[in-house]
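Take a look at the structure set out below.
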């Protein structure tokens with residue numbers, strides 16, 4: 001075991017009373033004194049700042065990078081316009097998901113953000129398979145997410161250009177005299193930004209956000225409950241090498257041309273599942289009682305047959321009760337279907353519901 | 001009336017052969033926001049070290065273990081609708097059970113307040 005790594009904001013987390021835990025080899029704040037529930041509500045109602053510097057930031061330089069990415073991902077990156085970002089994933093030869101990512105067309109290069117735990121896989125994967133493309137992993141920049149309905153004011157008061165961005169748009173602009181990459185996106189279901197900041201200025205810029213009366217720091221705990229309520233998949237829980245994008249209900253993230261033409265790893269399976277349906281699919285689940293149903297809980301039909309498993313679950317502070325996502329076998333999973341969740345050996349009634357659990361508040 | 005503490009971060013206030021049982025402030029702080037409490041029923045008997053309930057916070061599920069042998073005589077039903085009271089007043093209103101102690105000699109294995117303070121540092 002190597003010692004966990006620290007982001008440029010480590011000292012600030014400690015100063016703010018962050019409870020530090022090991023996450024994917026990084027020492028990260030799971031919560032601050034406000035607590036997960038309070039931080040979650042802060043983000044839904046005002047604005048919250050999250051350190052996501054553990055995620056991998058990568059620059060791709062070369063000719064026709066977008067086209068070349070299409071050989072690894074089922075997304076239409078060849079036609080991604082300059083200044084736009086798009087959610088996607090690497091697929092494997094069996095049509096499973098290797099990792100999910102965000103790709104931005106930054107004009108003279110592409111900017112990619114991948115999961116912390118999979119940097120060691122994704123960087124060599126791109127280096128080996130993107131012929132003639134320079135793959136540069138960035139180690140000297142922090143990544144900070146400002147999320148929530150007040151995020152536009154928190155960031156916009158320091159950087160008016162941020163107000164002009166729409167959802168999934170990206171630009172470079174100064175914040176407090178520091179040149180940052182600002183992208184209007186996130187993983188909480190709220191409006192907001194992810195901002196890539198030179199490491200030596202990361203604390204200063206983050207403090208400037210926190211100085212806003214509507215903004216507080218939030219940790220990984222709130223980030224998880226926020227993304228779960230927003231119906232967003234967590235890699236390693238809800239999606240992995242065995243789950244296809246169609247099973248994971250991520251068909252919306254594959255553009256029409258790519259669905260038709262294929263040409264990405266595992267396209268046979270994805271196209272077959274698009275035509276015939278998948279053998280299982282990811283659905284939203286709302287337990288009827290108060291007991292949270294967590295990762296690994298068995299899902300049974302009302303007749304008592306095992307039909308699947310919970311992949312993410314917990315308490316949804318905005319929903320005000322337990323929420324979960326899980327896979328159910330084909331033939332099940334219509335919203336309204338009543339199922340049983342086997343929690344500590346006892347069946348607890350629950351209902352299949354449409355995702356997300358909360359309305360997504362993006363600035364389109 | 002004396003209060004004892006277990007290394008599982010429970011408190012036990014004893015009066016004769018009955019006691020009120022709950023979790024300590026320190027435990028509640030470590031758990032974070034409590035969202036659900038699964039309690040057993042009055043009349044259920046248990047052995048020291050046995051599982052007598054589950055407390056779920058936003059973060060995770062934590063089992064509650066019996067500090068002594070005994071029987072549940074009363075359940076704090078208020079926790080069902082207000083699990084968050086375990087964060088607000090864990091050593092007062094948010095008690096979990098009233099129990100009957102089967103073997104008072106087991107109390108000697110528990111800590112007093114000074115011992116517990118030393119444990120949690």
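Things worth noting here:
- Test for residue B:37: is it in contact with a helix residue (DSSP H, G or I) (Cβ under 6 Å, 6 or more places away or on another chain), within 14 Å of chain A (Cβ to nearest Cβ), surrounded by 16 or more Cβ atoms within 10 Å (Cβ to Cβ) and modelled with pLDDT of 95 or more: yes
- Condition broken by residue A:107, with the remaining ones in (1) assigned to a loop (DSSP other than H, G, I, E, B); (2) within 14 Å of chain B (Cβ to nearest Cβ) satisfied: (2)
- Residue in the stretch A:18-36 that is more than 14 Å from chain B (Cβ to nearest Cβ), in contact with a helix residue (DSSP H, G or I) (Cβ under 8 Å, 6 or more places away or on another chain), in a loop (DSSP other than H, G, I, E, B) and farther than 30 Å from residue A:270 by Cβ present: yes
- Sole residue being part of a helix (DSSP H, G or I), out of contact with any helix residue (DSSP H, G or I) (no Cβ under 6 Å at 6 or more places or on another chain), within 14 Å of chain B (Cβ to nearest Cβ) and surrounded by fewer than 22 Cβ atoms within 10 Å (Cβ to Cβ), chosen from A:227, A:294, A:223: A:227
For every residue, the table says whether it meets (1) in contact with a strand residue (DSSP E or B) (Cβ under 8 Å, 6 or more places away or on another chain); (2) more than 30 Å from residue B:77 (Cα to Cα).
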| site | (1), (2) |
| --- | --- |
| A:227 | no, yes |
| A:232 | no, yes |
| A:256 | no, yes |
| A:259 | no, yes |
| A:264 | yes, yes |
| A:275 | no, yes |
| A:294 | yes, no |
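- Residue match in the stretch B:14-30 (condition: surrounded by fewer than 22 Cβ atoms within 10 Å (Cβ to Cβ) and within 13 Å of another protein chain (Cβ to nearest Cβ)): yes
- Enumeration of residues in the stretch B:86-100 that are touching a residue at least 40 places away in the same chain (Cβ under 8 Å) and away from chain A (no Cβ under 14 Å): B:90, B:91, B:94, B:95, B:96, B:97, B:98, B:99, B:100
- Residue count, the stretch A:45-57 (criterion: buried (at least 21 other Cβ atoms within 10 Å of the Cβ) and not in a loop (DSSP other than H, G, I, E, B)): 7
- Residue count for the stretch A:243-262 satisfying the condition of being assigned to a loop (DSSP other than H, G, I, E, B) and over 16 Å from residue A:100 (Cβ atoms): 1.
- Residue in the stretch A:321-328 that is surrounded by fewer than 22 Cβ atoms within 10 Å (Cβ to Cβ) and within 14 Å of chain B (Cβ to nearest Cβ) present: yes
- Qualifying residues in the stretch B:60-82 (those that are within 14 Å of chain A (Cβ to nearest Cβ) and buried (at least 21 other Cβ atoms within 10 Å of the Cβ)) - the one nearest to residue B:28 (Cα to Cα): B:64
- A single entry from A:314, A:304, A:336, A:284 fulfils the requirement of being in a strand (DSSP E or B) and more than 14 Å from chain B (Cβ to nearest Cβ): A:284.
- Identity of the residue in the stretch A:7-17, surrounded by fewer than 16 Cβ atoms within 10 Å (Cβ to Cβ) and more than 13 Å from chain B (Cβ to nearest Cβ), that ends up farthest from residue B:31 (Cα to Cα): A:11
- Among the residues of the stretch A:76-86, not a single one is part of a strand (DSSP E or B) and without any contact (Cβ under 8 Å) to a residue 40 or more places away in the chain.
- The requirement of being without any contact (Cβ under 8 Å) to a residue 60 or more places away in the chain, over 30 Å from residue A:95 (Cβ atoms) and surrounded by fewer than 22 Cβ atoms within 10 Å (Cβ to Cβ) is satisfied by residue A:201.
The values are calculated or read from the model by the stated rules, or taken from the named source; none is laboratory data. Quick caveat, the model's predicted, so the values are computed rather than measured. As a convention, Cβ positions derive from the backbone with ideal geometry for all residues, glycine included, and neighbour counts pool all protein chains shown.
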